[in-house]
Amino acid sequence: MNPMEFKNYPELFEKAIIEDSDAEKIKRPSIRYWPDVWRRLKQNKLAMTGLLVIVIMIIMAAIGPMINDFSYFEQNYNQINTRPNGEYWFGTDELGRDLFTRVWYGTRYSLFIGILATVIDVTNGILYGGIAGMAGSRIDSIMMRIAEVIYSLPYLLVVILLSVVFSTQGSGTSMFVIILALSLTSWIPMSILVRGQVLQLKEAEYSLAAESLGATRGRILKKHVIPNTLGPI
């Protein structure tokens with residue numbers, strides 16, 4: 001049928017009614033960043049399983065040592081290297097200490113060291129990489145060469161040197177030494193990642209618009225660049 005002949009059949013068409021009040025109505029509400037992250041996380045079964053395991057470990061680390069009547073240092077030489085039973089749920093070690101209590105005490109320190117070291121790594125990496133990316137090419141080159149030198153140090157050698165230094169001062173290999181050793185070189189990959197993102201995002205339209213309006217580099221980095229690097233981070 002010729003398109004011009006459609007006007008002869010008005011019963012085939014229904015006039016669309018458009019209300020002015022609905023012209024700019026948003027059919028789907030906008031989702032903010034963190035709710036969208038949580039929505040995507042819930043769709044990942046492996047990630048939710050890992051999150052559940054971590055939550056259970058945190059809860060048991062908090063209440064586990066208080067569930068039974070044994071302390072982590074209490075010794076019973078009549079119960080050495082016993083198998084798990086009704087009294088000692090995880091058994092005992094070579095000194096007759098309850099392994100159930102000791103496992104959850106150890107979990108406390110492991111979680112504390114892991115979380116604190118990760119926070120330090122992420123913070124140092126974001127600050128160092130952000131400054132290197134926003135600074136000029138000369139400063140960026142110097143900062144990256146320093147980062148490469150630090151990253152070339154073997155991790156085991158760093159731990160040994162720190163242990164020797166602090167042991168000579170009488171403090172021994174404490175939890176502080178472990179956190180310091182973990183955080184001394186492991187922030188470099190994060191800084192390289194952030195630097196690459198900053199080099200890309202500082203040339204984006206919103207960064208250039210903010211700069212044209214008189215925003216300083218620090219404000220552009222804080223308000224525009226770093227928030228948009230949260231995904232890769």
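The values are calculated or read from the model by the stated rules, or taken from the named source; none is laboratory data. As the structure is a computational prediction, the values presented were derived from the model and not from experiment. Note that we place each Cβ from the backbone using ideal geometry, even for glycine, and neighbour counts take in every protein chain shown.
Please tell me if residue 153 is part of a loop (DSSP other than H, G, I, E, B) and either over 25 Å from the mean Cα position of the chain (by Cα) or of a type in the set (A, V, I, L, M, F, W, C) (or both).
Yes: the conditions hold for residue 153.
Counting only residues that are of a type in the set (A, V, I, L, M) and not in a helix (DSSP H, G or I), which one in the stretch 214-232 is nearest to the chain's Cα centre (by Cα)?
Top of the filtered list is 230.
Could you identify the single residue in 136, 125, 96, 91 that is of a type in the set (Gly, Ala, Ser), touching a residue at least 12 places away in the same chain (Cβ under 8 Å) and farther than 15 Å from residue 194 by Cβ?
Selected residue: 96, the only one of 136, 125, 96, 91 that is of a type in the set (Gly, Ala, Ser), touching a residue at least 12 places away in the same chain (Cβ under 8 Å) and farther than 15 Å from residue 194 by Cβ.
Which one of the conditions (1) surrounded by 12 or more Cβ atoms within 10 Å (Cβ to Cβ); (2) over 29 Å from residue 177 (Cα atoms); (3) among the small types (Gly, Ala, Ser) does residue 61 fail to meet, given that it meets all the rest?
Only one criterion in (1) surrounded by 12 or more Cβ atoms within 10 Å (Cβ to Cβ); (2) over 29 Å from residue 177 (Cα atoms); (3) among the small types (Gly, Ala, Ser) is unmet by residue 61, namely (2).
What about residue 111, is it among the hydrophobic types (A, V, I, L, M, F, W, C), without any contact (Cβ under 8 Å) to a residue 24 or more places away in the chain and surrounded by fewer than 17 Cβ atoms within 10 Å (Cβ to Cβ)?
So residue 111 fails the test.
Taking residue 117 as the residue in question, decide whether it is in contact (Cβ under 8 Å) with a residue 12 or more places away in the chain, surrounded by 17 or more Cβ atoms within 10 Å (Cβ to Cβ) and closer than 30 Å to residue 220 by Cβ.
So residue 117 fits the description; yes.
Taking residue 145, is it of a type in the set (D, E, K, R), farther than 30 Å from residue 110 by Cβ, free of Cβ contacts under 8 Å to residues at least 12 places away in the same chain and in a helix (DSSP H, G or I)?
So residue 145 passes the test.
Return the total of residues in the stretch 44-53 being over 22 Å from residue 229 (Cα atoms) and either surrounded by 11 or more Cβ atoms within 10 Å (Cβ to Cβ) or polar (S, T, N, Q) (or both).
Residues that pass the stated criteria total 4.
Residues that are under 16 Å from the mean Cα position of the chain (by Cα) and either crowded, with 18+ Cβ neighbours inside 10 Å or at pLDDT 85 or above (or both): find the helices (runs of 4 or more DSSP H) completely inside the stretch 169-212 holding 3 or more of those.
Correct list: 188-201.
Just give me the residues in the stretch 94-108 being in a loop (DSSP other than H, G, I, E, B) and surrounded by fewer than 16 Cβ atoms within 10 Å (Cβ to Cβ), in sequence order.
94, 95
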